[in-house]
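Quick notes on the structure that follows.
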Amino acid sequence: MPEGFFRSAIPDDLGEPPQIDISVAHIARVYDYWLGGKDNFAVDREVGDKVLQIHPETALSVRANRAFLARSVRYLAQAGIRQFLDLGTGLPSANNTHEVAQAVAPESRVVYVDNDPIVLAHARVLLTSSPEGETGYLDADIKDPAAILAGARQLLDFTKPVGVMLVAVLHMLRDEENPQAIVDEFMAAVPEGSFLVISHLASDVQQETMAEMGRRLNSSMTQQFTMRTREQVKGFFRGLTMVDPGVVLTHEWHQDSPDGEATPGVLWAGVARKE
């Protein structure tokens, strides 16, 4: 089994706890702060507040993105998908992928992927599968699809359809890191009937505010954001069949709640099927 792959449980004898630098803000912890979580530090809250100063609706937008994840997973599960590859998992929160999928189909299998030490430290929460299904956690970098696919094969059957989840992840990749090639490699590895789910920070919505948000985030963290237009996000789905209504703001995609319709989103979102 590949090093860094944990199936059903994180062993108690994993070794020393991962080293977490609390002197520099980290997006997973800032995101947790915006969601009202407790797994963050003063430096994360400081950066989070800098963004809230210019875009007070950020917390609502983050929740809208989380709600999109749940709706898209539910859509895939109802469409017959029983395997999910969740890339750039982030810290556990409400409605994690396996919880939503297994509520529809208890036999669903989910592999979570992240290379963030703080996510690994909390990954046990992600491995609480239903008895009929199974979850795994892979400590790996999204920029190495080959390693991720090798690890995921320990749990997922790539001869059967897979839901590939890239929710609020691709804007962490710069253009020179060729995110399109990364998406293409993952989708080439899954069969027809598989789905791709993406949400991505928008550069062409509230343009001045989003540009300033990017500057504040990029000057405060080692992770760097690249926001993209709707057309650029649509490009990630090339060669796939878009699910209606196409690429829209997160709160507009298959909304099932009147409250959700009023929740502003600043991330483009879409789902597409491999034919």
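The values are calculated or read from the model by the stated rules, or taken from the named source; none is laboratory data. These numbers were taken from a predicted model, which means no experiment stands behind them. Neighbour counts are summed over all protein chains in view; Cβ atoms, including those assigned to glycine, are modelled from backbone coordinates with ideal geometry. The area values use the complete protein model at the heavy-atom level, side chains included, leaving out ligands, DNA and RNA. Shrake-Rupley method; radii C 1.70, N 1.55, O 1.52, S 1.80 Å.
Restricting the stretch 163-179 to residues that are without any contact (Cβ under 8 Å) to a residue 40 or more places away in the chain and of a type in the set (D, E, K, R), the residue that is least open to solvent (accessible area, probe 1.4 Å) is Glu177. Would it be correct to say that Asp21 is surrounded by 15 or more Cβ atoms within 10 Å (Cβ to Cβ), acidic (Asp, Glu) and at pLDDT below 90? Spelling it out, it is not the case that Asp21 is surrounded by 15 or more Cβ atoms within 10 Å (Cβ to Cβ), acidic (Asp, Glu) and at pLDDT below 90.
Among strands (runs of 3 or more DSSP E) entirely within the stretch 132-211, having at least 3 residues that are at pLDDT 95 or above singles out 163-167, 195-201. Does Ile182 qualify as being closer than 28 Å to Arg273 by Cβ and open to solvent by 10 Å² or more (accessible area, probe 1.4 Å)? So Ile182 fits the description; yes. If you go through the stretch 93-125 and keep only what is assigned to a loop (DSSP other than H, G, I, E, B), at pLDDT below 80 and aliphatic (A, V, I, L, M), you end up with just Ala94.
Identify all residues within the stretch 227-245 that are surrounded by 18 or more Cβ atoms within 10 Å (Cβ to Cβ) and within 18 Å of Ala168 (Cβ to Cβ); write none if there are none. Of everything in the stretch 227-245, those that are surrounded by 18 or more Cβ atoms within 10 Å (Cβ to Cβ) and within 18 Å of Ala168 (Cβ to Cβ) turn out to be Met227, Arg228, Arg230, Gln232, Val233, Phe236, Phe237. Taking the listed residues Gly15, Gly80, the one that is open to solvent by 30 Å² or more (accessible area, probe 1.4 Å), modelled with pLDDT of 95 or more and either in contact with a Gly (Cβ under 7 Å, 6 or more places away or on another chain) or part of a loop (DSSP other than H, G, I, E, B) (or both) is Gly80, with no other qualifying.
Suppose the filter is open to solvent by 40 Å² or more (accessible area, probe 1.4 Å), without any contact (Cβ under 8 Å) to a residue 60 or more places away in the chain and under 20 Å from Leu60 (Cα atoms); does Glu208 pass it? So Glu208 fits the description; yes.
Yes/no matrix, rows are residues, columns are (1) under 29 Å from Ser203 (Cβ atoms); (2) within 13 Å of the chain's Cα centre (by Cα):
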{"residue": "Leu69", "(1), (2)": "yes, yes"}
{"residue": "Ser130", "(1), (2)": "no, no"}
{"residue": "Lys143", "(1), (2)": "yes, no"}
{"residue": "Ala152", "(1), (2)": "no, no"}
{"residue": "Ala168", "(1), (2)": "yes, yes"}
